[in-house]
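Everything below concerns the one structure shown next.
The values are calculated or read from the model by the stated rules, or taken from the named source; none is laboratory data. Note that this is a predicted model, so its numbers are computed, not measured. FYI the Cβ positions are ideal-geometry reconstructions off the backbone, even for glycines, and counts take in every protein chain you see. Each accessible area value is taken on the protein alone, full model and side chains, heavy atoms only, with ligands, DNA and RNA left out. Shrake-Rupley method; radii C 1.70, N 1.55, O 1.52, S 1.80 Å.
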Amino acid sequence: MQIIAHRGASGLAPENTLKAISLALDLGVGAIELDVQQADGELWVFHDRRLERCTDGHGVLSHQSRDYLASLDAGDGERIPTLWQVMSLIAGRCELHIELKGAGTAEPVAALTRRAEAELGFTPAHWVVSSFHHPELIRFKVLRPEIRTGALTASLPLHGARFAEELGAWTLNCDVDFVDQALVADAHRRGLKILVYTVDEVSDGDALAAMGVDGIFTNRPDRFS
Ligand code: G3P
Ligand code: MG
């Protein structure tokens, strides 16, 4: 079962910061997940729609200027990183799961993955691009059909893994609160992998491994090494 550091090693350092990414790399993880949003023509690595929970700033991230976002403290004196800064830090050393958090992200992420392949030692096989925003995921797939995609759900879908197959995804990524044996079996029957978020307890990880889950997103990759 693959271990994917969720928002970096976010149980050990402020989530989605260079510090959390760096710690995950130090732990030797094979893959890191992060969240991406667009604001003022830049891609920012940040989970929430609003700034309050994770920074000393205020407001909706996508409404802010570059200067304002770059000035904020994202915890422990860390800044909100741009996607390019994270890519430059990782430089092809592990897989990167890029979660498209909103509209308008598919095109710039497609462009930046191409640039990172040209300049930073990544290959198309290093990326998995995922989203709850399924239309945005389709837009990405049209732009970069050779890159694996992950169809996210926070529910137990009525028709099992069908939606992920229809999206042409490589994985179905689902919530630990909803995953069950039938969904795992249905995903595999359709030729899909199944990844589960967010799993921080080893006993939960063991149960998911027994269920046949292919990978987990965890804030505590140190517990699963
Ligand atoms: O990609 C898995 C997981 O990150 C999805 O949920 O809300 O943590 O971005 P969230
Ligand atoms: Mg995410």
Exercise. Condition test on GLY57, is it out of contact with any Cys (no Cβ under 9 Å at 6 or more places or on another chain) and within 24 Å of ARG220 (Cβ to Cβ)?
Worked result: no
Exercise. Would region 147-169 turn up any residue that is aliphatic (A, V, I, L, M), under 21 Å from VAL128 (Cα atoms), in contact with a strand residue (DSSP E or B) (Cβ under 8 Å, 6 or more places away or on another chain) and assigned to a helix (DSSP H, G or I)?
Worked result: yes
Problem set entry | Members of region 168-191 that are away from ligand 1 (no atom under 12 Å from the Cβ) and surrounded by fewer than 20 Cβ atoms within 10 Å (Cβ to Cβ) | GLY168, TRP170, PHE178, ASP180, GLN181, ALA182, ALA185, HIS188, ARG189, ARG190, GLY191
Problem set entry | Condition met for PHE140 (touching a residue at least 12 places away in the same chain (Cβ under 8 Å), within 16 Å of ligand 2 (Cβ to nearest atom), surrounded by fewer than 17 Cβ atoms within 10 Å (Cβ to Cβ) and not β-branched (Val, Ile, Thr)) | no
Problem set entry | THR198 touching a residue at least 60 places away in the same chain (Cβ under 8 Å) and surrounded by 21 or more Cβ atoms within 10 Å (Cβ to Cβ) | no
Exercise. Identify, please: which residue in region 5-19 is touching a Leu at 6+ places or on another chain (Cβ under 7 Å) and among the aliphatic types (A, V, I, L, M) and is, among those, nearest to SER88 (Cα to Cα)?
Worked result: LEU18
Problem set entry | Matching residues in region 16-29 - criterion: being in a loop (DSSP other than H, G, I, E, B) and open to solvent by less than 40 Å² (accessible area, probe 1.4 Å) | ASN16, THR17, VAL29
For this session: Tell me which of these GLY92 doesn't satisfy, since it passes every other one: (1) in contact with a strand residue (DSSP E or B) (Cβ under 8 Å, 6 or more places away or on another chain); (2) at positive phi.
Result: (1)
Problem set entry | Residue check, LEU89 assigned to a strand (DSSP E or B), modelled with pLDDT of 95 or more and either within 16 Å of ligand 2 (Cβ to nearest atom) or of a type outside the set (Val, Ile, Thr) (or both) | no
Exercise. Of all the residues that make up region 104-140, how many are in a loop (DSSP other than H, G, I, E, B), within 16 Å of ligand 1 (Cβ to nearest atom) and either modelled with pLDDT under 95 or not β-branched (Val, Ile, Thr) (or both)?
Worked result: 2
Problem set entry | Residue within region 54-61 that is farther than 18 Å from ARG7 by Cα, in contact with a helix residue (DSSP H, G or I) (Cβ under 6 Å, 6 or more places away or on another chain) and surrounded by fewer than 20 Cβ atoms within 10 Å (Cβ to Cβ) present | no
